[in-house]
1. Which of the residues spanning the range A:123-155 are open to solvent by 40 Å² or more (accessible area, probe 1.4 Å), assigned to a helix (DSSP H, G or I) and either out of contact with any helix residue (DSSP H, G or I) (no Cβ under 7 Å at 6 or more places or on another chain) or in contact (Cβ under 8 Å) with a residue 12 or more places away in the chain (or both)?
2. Under 6 Å between Cβ atoms, at least 6 apart or on separate chains: pull out the pairs that start in the range A:187-214 with a residue that is under 26 Å from residue A:239 (Cα atoms) and end on any residue that is of a type in the set (Asp, Glu) and not in a loop (DSSP other than H, G, I, E, B).
3. Consider the range A:217-231. How many of its residues are more than 19 Å from residue A:47 (Cβ to Cβ) and part of a helix (DSSP H, G or I)?
4. Out of the residues in the range A:62-88 that are at positive phi and within 15 Å of the chain's Cα centre (by Cα), state the one that is surrounded by the fewest Cβ atoms within 10 Å (Cβ to Cβ).
5. Look through the range A:234-250, keep the residues that are open to solvent by 20 Å² or more (accessible area, probe 1.4 Å) and assigned to a loop (DSSP other than H, G, I, E, B), and return whichever of them is nearest to residue A:70 (Cα to Cα).
6. Please verify whether the range B:125-145 includes one or more residues that are of a type in the set (D, E, K, R) and within 14 Å of chain A (Cβ to nearest Cβ).
7. Tally up the residues in the range A:91-122 that are touching a Lys or Arg at 6+ places or on another chain (Cβ under 8 Å), open to solvent by 20 Å² or more (accessible area, probe 1.4 Å), more than 16 Å from residue A:77 (Cα to Cα) and at the interface with chain B (Cβ under 10 Å from one of its Cβ atoms), please.
8. Restricting to the range A:170-188, name every residue that is open to solvent by 30 Å² or more (accessible area, probe 1.4 Å) and in contact with a Gly (Cβ under 8 Å, 6 or more places away or on another chain).
Amino acid sequence: MQKDSNSKKNSTHLELVKLGKIFFKEKKFFDLYSKHKKSSFEAIKNINLKIEKNTFVSIIGPSGCGKSTLLNLIAGLQSPTSGKIIIDGLSIKGPGPDRGVIFQNYALMPWLTTIQNIEFALNTVFPEKTKPDIKERAINYLRMVGLEKASNKFPKELSGGMKQRVAIARALSINPNMLLMDEPFGALDALTRSYLQEELLSIWRKNKVTVVLITHSIEEALLLSDKIILMSSGPSATISEEISVDLDRPRDRQNIEQDPKYLKIKMRLEKHLLRETRAVEEVT
Amino acid sequence: MNKVISKRLTFVVTILSLLIFIIIWQIIAQQGLLVKNFPGSFKTINALIWWVSDPFFDNGPNDLGIGFNLLISLRRVLIGYSLAVLVAIPLGVLMGMSKLAQSSLNPYVQLLKPVSPLAWLPVGLFVFRNSEITGIFVIFITSIWPTLINTAFGVASINPDYLRVSKSLGASKSITIRRVILPAIMPNILAGMRISMGTAWLVIVAAEMLLGTGIGYFIWNEWNNLSLENIFVAIIIIGFTGFILDQLFGFLQDKFDYSI
């Protein structure tokens, strides 16, 4: 494995072994009579990866490379066709509250207020807790993302950034030790995005969590991560490279761009992404 | 400012058009332009006032106040409709969630949905030997389809993000149905219930002409009395009641409108 300049505990949190996922096309009634062979689609194959505890890892790759599939597999939302997902030494079978998931489209329930959205998660994960307990916990997490005043608002009354902060609060409220994020800031404007990136970093520092972030932004990956996983273009995408980002923390958005180490990694990432994107575009 | 004026204007225009309609109706009737003895609007309004001023009298089944008849119809509709909704929502959720249920039930739904519910009337009379239960049964058959289809469609087209959140939290199937799926498809359920109510109210009038008592029977009875103005009274009251019922659902739909 690559050497880690951080002095964090180097125990493995998540391990992917020969992970693969094939989507089989569902047979429809008329397909029985059709001469075409049913088509299946191999999204990812032979993914091997180790992620250490409490590290921040970004997965980056051209669009359609199966990044989201990979995240869904780790979250337990889909099951792999081959290979294993090992968390803390145990092979996982499905979703669990040890992993908090954050989606690009926030996925807040529109019929619940912000606090009710968090309470829904808490009630589901901790059915034994009392109502006041749950409420207090929900408010604490809303406060953590600076939204305790919006607790009785409905999602449609919130901006995109606020919605994503509620989603972050919801994911953290169940006290996971891993946070899985699927392009969480992709739909936000640049200013809101950088604000939320700072928020996420400070949350990550305070709460001991391993973060796996899917992104297509090189700058975002460089600013946030300890390690960047580069994926090849799909179908049958796999990991092409793992890059350790040994830049000092806290990283300053303005100064970091002058760092020669930063520029070197950035160039490497850009080259890779360009090459893989070209592969995607020329196939289609 | 502009909005206030236009609102007032629409009100004035509505009243004006109503007045013009009443006057033209009266002229056509008075001059016998349509057919002889066609009741004019004044006669109809007088009849309406007479029926509405004393809606609850009971001189036997063929001479019942219009309020009683309306309540009888409403009761049949509400019982049949409620039973239909109680069946349609769980069945719709099942059809939306399970491919097996979908493919085994869909043929019946598609086959029975286009049939006029009145075709079931003789079946009901034969089985139940009771006009009251038959009326409720016909309304049940009428009301079930739109709610069932809308519910199933709502479940099938639910935003997968909600289900993913629920699944990622490890929620059980029962929690997912009660706390995620049902609230998420409330707009679809209400839209289906609104259409169901509309058709039920259409069908009850026709069914009651054959069943005795109720607002539909009132119309049939007044036809036998050749009292067209009383039929117009019934039409106005049926229309108004249907409008109120529909607005009730409009109000509910606004409450459950999640769109951004």
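The values are calculated or read from the model by the stated rules, or taken from the named source; none is laboratory data. Because the structure is predicted, anything quoted here is derived from the model rather than measured. Please note: Cβ atoms are built from the backbone with ideal geometry, for glycine as well, and neighbour counts cover all protein chains shown. Please note that ligands, DNA and RNA were not included when accessible areas were found on the heavy atoms of the full protein model with its side chains. Shrake-Rupley method; radii C 1.70, N 1.55, O 1.52, S 1.80 Å.
1. A:131, A:132, A:133, A:135, A:136, A:137, A:139, A:140, A:143, A:144, A:149
2. Listed by first residue and then by second, the contacts come to A:214/A:182.
3. Within the range A:217-231, residues that are more than 19 Å from residue A:47 (Cβ to Cβ) and part of a helix (DSSP H, G or I) number 6.
4. Of the range A:62-88, the ones at positive phi are A:64, A:66, A:76, A:83, A:88.
Within this subset, residues satisfying the condition of being within 15 Å of the chain's Cα centre (by Cα) are A:66, A:76.
Working: A:66: 27, A:76: 21.
Top of the filtered list is A:76.
5. From the range A:234-250, those open to solvent by 20 Å² or more (accessible area, probe 1.4 Å) are A:234-236, A:238-242, A:244, A:246, A:248-250; that's our starting set.
This time we only want the ones that are assigned to a loop (DSSP other than H, G, I, E, B), so: A:234-236, A:238, A:246, A:248-250.
Numbers: A:234: 12, A:235: 13, A:236: 12, A:238: 10, A:246: 25, A:248: 29, A:249: 28, A:250: 29 Å.
So the residue we want is A:238.
6. Residues of the range B:125-145 that are of a type in the set (D, E, K, R), as a first pass: B:129, B:132.
With within 14 Å of chain A (Cβ to nearest Cβ) added as a condition, the list becomes none.
Within the range B:125-145, not a single residue is of a type in the set (D, E, K, R) and within 14 Å of chain A (Cβ to nearest Cβ).
7. 2
8. The one that is open to solvent by 30 Å² or more (accessible area, probe 1.4 Å) and in contact with a Gly (Cβ under 8 Å, 6 or more places away or on another chain): A:187.
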